[in-house]
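Each reported figure results from applying straightforward, stated rules to the coordinates on display, with no laboratory input. Bear in mind that the values here come from a model prediction, so they are computed numbers and not experimental data. No Cβ is skipped: glycine too gets one built from the backbone with ideal geometry, and neighbour counts run over all protein chains shown.
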Amino acid sequence: MDELLNTAIQIARQAGAILRAGFGQARSVDDYKGGIELVTEYDQRSEALILAGLQAVFPDHQILAEESGQIDSSSSYCWVVDPLDGTVNFAHGVPGFAVSIGLRHAGKPLLGVVYDPLRDELFAGQQGQLPTLNNQPIRVSTVTDLRRGLVATGFPYDKASNPDNNGIYVVRALPQVQDLRRAGSAALDLSYVAAGRYAGYWELRLKPWDFAAGALLVQLAGGVITDLNGSDAWQQSGSVVCGNPIFQAQLLKVLQAT
Ligand code: IPD
Ligand code: CA
Ligand code: CA
């Protein structure tokens, strides 16, 4: 297990170094996947390094990576990779992006690593242990009063065409919480909840690579995650509401307007 985690950490750091070197280069906006969803040269370069690194050590493992899709095998291990979470920030020269690497075994999350290369912050965790930030144990916030909690959210790429674009939930939550952030990296938002920086976070329709690492960190740090209906089956929809158990329940209530 330590070999798996250490490999993920090493590769996340190497990928992070690529992003750090490319950050702020004039031409990083390379292409659009359709609509407003960007992909840069650095999404591709980071992913190529991660895939090569994982395949060199674990040649039989499956991989699900944002830019390459599913690489199948008969292995029960599946790495879930977001090579650059926070592409819009990155492409505009705004700090706030990360590498995210999660590992599932037989469908269940086993470990997660989120690396913020500009701040050199490495969030890591594996089943059965408290997660860490730069090797120091982290826990979710102890704030139980919504008005004292800093909360984060994000907006889906289809926000212009899909009316279920989080606007209504922002309207409901904004007056109730201490303040609200839209920082632009779901993996970091989740990691910040795990580290007790954000008391809560919600977002709709995340992709597996957005949450594979960060959601496990939240749970290992003592946090609770449900979807917007309060269901534990949040992985299916990718819609998440999280925080410590008391804060999460209150935030969920406000979002549901019940
Ligand atoms: C996005 C970021 C953003 C979140 C979007 C994600 P990307 O990932 O995590 O914070 O709001 O839902 O798609 O495209 O930068 O990897
Ligand atoms: Ca992402
Ligand atoms: Ca990405």
*Taking +1 at the Cβ of each Lys and Arg and -1 at the Cβ of each Asp and Glu, which of Leu146, Ser185, Pro156 sits farthest along the dipole of the range 110-193 towards its positive end, judged by Cα position relative to the Cα centre?*
Leu146
*Say we join alpha carbon atoms closer than 10 Å with springs in a Gaussian network model of the chain; which of Leu220, Leu84, Leu118 then has the biggest fluctuation?*
Leu118
*Nearest-5 percent of antiparallel DSSP beta bridges in the range 90-208?*
75 percent
*Residue by residue through the range 154-166, which ³J(HN,Hα) values in whole Hz follow from phi under the Karplus form 6.51 cos²θ - 1.76 cosθ + 1.60 (θ = phi - 60°), with glycine and proline marked x?*
x, 10, x, 5, 8, 4, 7, 9, 10, x, 7, 10, 5
*Nearest 20 debye, what's the magnitude of the dipole of the chain about its Cα centre given +1 on Lys and Arg Cβ and -1 on Asp and Glu Cβ?*
820 debye
_Residue by residue through the range 207-219, what is 3J(HN,Hα) from phi via Karplus (6.51 cos²θ - 1.76 cosθ + 1.60, θ = phi - 60°)? Round to whole Hz and write x for glycine and proline._
9, x, 6, 5, 10, 3, 8, x, 5, 5, 4, 4, 5
*Of Arg197, Arg205, Arg148, which has the largest mean-square fluctuation in a 10 Å C-alpha GNM of the chain?*
Arg148
*Under 20 Å from a point 7 Å along the Cα-to-Cβ line of Gln25: which residues of the range 75-100 have their amide N that close?*
82-100
*Distance between Cα centroids, the range 173-248 to the range 98-169: provide it in whole Å.*
6 Å
*Using the number of other C-beta atoms within 10 angstrom as an exposure proxy, rank Ile9, Ile101, Ile168, Ile138 with the fewest first.*
Ile168, Ile9, Ile138, Ile101
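Just from its helices, what would the mean residue ellipticity at 222 nm be for the chain, if runs of 4 or more DSSP H residues each count -39500 (n - 2.57) and the sum is divided by every residue, rounded to the nearest 500 deg cm²/dmol?
Numbers: 9 runs with 86 residues, N = 258.
Rounded to the nearest 500, it is -9500 deg cm²/dmol.
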*Given 0.36 nm per residue, what is the gain on full extension from Lys253 to Ser237 after removing their alpha carbon distance, in nm?*
3.9 nm
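Could you please rank Val80, Val218, placing first whichever residue has the fewest other Cβ atoms within 10 Å of its Cβ?
Working: Val80 24, Val218 30.
So the ranking, lowest neighbour count to highest, is Val80, Val218.
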*What ³J(HN,Hα) values, in whole Hz, does the Karplus curve 6.51 cos²θ - 1.76 cosθ + 1.60 give for the range 48-58 when θ = phi - 60°, with x put for Gly and Pro?*
4, 5, 5, 4, 4, x, 5, 5, 5, 8, 10
*How would you classify the range 202-258 from its alpha-carbon gyration tensor, with a ≥ b ≥ c the square roots of the eigenvalues: rounded for a/c under 1.5, else prolate if a/b is greater than b/c, otherwise oblate?*
oblate
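Would you count, across the chain, every pair of lysines whose alpha carbons are under 16 angstrom apart, provided the pair is eight or more residues apart or spans two chains? Before the final figure, lay out each step's value.
Numbers: Lys33/Lys159; Lys33/Lys207; Lys108/Lys207; Lys159/Lys207.
Counting lysine pairs in the chain gives 4.
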_Expected output is a single nm value to one decimal: the length gained when fully extending between His105 and Val57, i.e. 0.36 nm times separation in residues minus the C-alpha distance. What is it?_
15.6 nm
